[in-house]
Amino acid sequence: MQYGLGSRVRLMYKLPAKLEKFTPYEPLTGEYAVRLDVNESFLELPTEQVIRAVLDIDKVKLNRYPDPYACQVVNAFADLFGCDPRCVTAGNGSDELIGVITAGLLEKGDKVLTLSPDFTMYSFYAELYELQVHELPKGDDFIVNAGKVVAYIKENDIDCLMFSNPCNPTSLGLEMSGVLHILRSCPDTLIVVDEAYMDFWTNPQGHETESMLPETANHDNLIVLRTCSKSVALAGIRLGFAVANEHITRALRTVKSPFNVNAITQSIGAAILSDKVGYKQAITVLKENTHVLYTALNELAIFEELCDTKTNFVFAKTVHANEIYEHLFKKGIAVRCFPSHLRICAGSSDDMNILIKELKLWKKSKT
Ligand SMILES: *Cc1c(COP(=O)(O)O)cnc(C)c1O
């Protein structure tokens with residue numbers, strides 16, 4: 001067909017066919033008495049500190065574009081986690097960084113491996129940017145077998161592996177030795193380790209022992225993602241970080257949108273991340289409450305199995321997942337429902353008491 005001048009053919013804009021397999025993300029909206037469905041921190045940040053950061057008009061100039069490299073908040077993050085600020089890229093949530101990696105560091109048709117079940121944003125962005133998504137199912141125990149992952153990557157010539165560690169939704173973690181085995185065995189594959197919940201996987205002394213952050217400088221194929229949405233209680237301001245060697249960091253900074261992290265987020269993030277004591281205290285409380293939740297769910301004896309959590313939520317197996325979910329939902333309690341599991345995030349003592357009371361009522365209604 002000819003589309004020259006004078007042609008009568010009307011070109012109509014059509015949405016691309018690739019969008020057909022997407023459905024809009026529809027998070028719960030409306031009011032719930034108790035929200036334990038998206039793994040946020042229930043702790044509220046010191047208001048005064050936040051307000052002071054926002055009102056620091058010498059730093060937050062709203063008529064000016066923000067610092068493209070978000071230096072102040074990147075420095076605070078690097079200082080807190082003991083890494084080199086030159087190896088840190090800030091993002092509008094780690095969500096944005098997953099998009100930046102899939103769009104900018106990979107090419108159409110490249111093969112991305114995900115381990116299922118896992119966080120769904122990896123395959124969402126990979127499909128959006130027309131990468132080829134491979135999914136390697138975990139076993140019934142949800143434990144990641146590093147040897148099997150390596151074999152799959154080699155057999156299928158995988159360009160990028162993305163996985164969360166510890167994992168959302170399973171709450172399980174893969175030890176550092178396993179991640180290192182994958183990294184070293186697959187030097188040509190980009191390995192993206194999303195450590196959104198790593199803050200919670202600490203030893204009794206409060207140290208992270210399985211994080212790959214200290215390893216980022218030693219590998220040409222590693223990106224570690226971290227977020228302020230969970231342990232740092234800043235889901236509302238959208239702030240995440242990608243940590244990688246300088247070479248990869250330069251690439252990330254090149255392909256991200258220049259002013260991706262807004263000035264208010266940068267300022268609040270820097271203020272909160274500079275409070276090392278507050279950060280540690282928050283982790284302690286969140287871990288304690290997760291333990292309380294785990295114990296209470298265990299005592300209820302309505303779940304077939306609870307995964308050994310390394311996160312701030314519990315992944316609980318039950319054939320009644322849907323029924324229990326509906327029961328709680330009607331009472332204004334939001335949890336996350338999977339085909340044969342519920343994912344329940346640690347909340348305040350009051351919220352968890354309400355939850356447990358309702359679960360007991362459900363149990364009673366079945367006997
Ligand atoms: C919650 C979560 C994130 C956080 O995303 P943000 O965009 O930083 O809020 C990233 N990865 C996983 C696995 C998560 O569960």
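Per-residue ellipticity at 222 nm, computed for the chain from helices alone with -39500 (n - 2.57) per DSSP H run of at least four residues, works out to -11500 deg cm²/dmol. The listed peptides 101-108, 134-141, ordered by packing as a protection proxy, come out as 101-108, 134-141 (highest mean of other Cβ atoms within 10 Å first).
So if R0 is 45 Å, what FRET efficiency would Thr367 and Val277 give, r being the distance between their Cβ atoms, rounded to the nearest 0.05? List each step's numbers first, then the result.
Values: r = 48 Å, r/R0 = 1.06.
E between Thr367 and Val277, to the nearest 0.05, is 0.40.
Note on the chain: percent of Cα-Cα distances in each 10 Å bin, starting at 0 and stopping at the bin with the largest distance, equals 5, 22, 30, 25, 12, 4, 1, 0.
Share of Cα-Cα pairs in the range 163-244 beyond 22 Å, in percent? Before the final figure, lay out each step's value.
Details: 763 of 3321 pairs.
It works out to 23 percent of all Cα pairs.
With no solvent and one point on each alpha carbon, what is the Debye value of log10 I(q)/I(0) for the range 144-298 at q = 0.13, 0.17 Å⁻¹? Per q value, in the given order, log10 I(q)/I(0) is -0.70, -1.12.
Working value for the range 219-335: equivalent-ellipsoid semi-axes of 36, 18, 16 Å, each the square root of 5 times a Cα gyration tensor eigenvalue, largest first.
Here the gap between Glu20 and Glu288, fully extended at 0.36 nm per residue and compared with their Cα-Cα distance, gives a gain of 92.1 nm.
Which value, in nm² and rounded to one decimal, describes the direction-averaged projected area of the C-alpha convex hull of the range 293-367? It would help to have the intermediate numbers written out before the result.
Numbers: hull surface 18.1 nm².
Result: 4.5 nm².
In summary, the lysines within cross-link reach of Lys230, defined as a Cα separation below 27 angstrom excluding same-chain residues under 8 places away, comprise Lys59, Lys138, Lys256, Lys276, Lys280, Lys287, Lys310, Lys317, Lys330, Lys331, Lys357.
Laboratory data are not the source of any read-out in this text; all were calculated from the coordinates shown. Bear in mind that the values here come from a model prediction, so they are computed numbers and not experimental data. Reconstructed Cβ throughout: ideal geometry from the backbone, glycine too, with neighbour counts over all protein chains shown.
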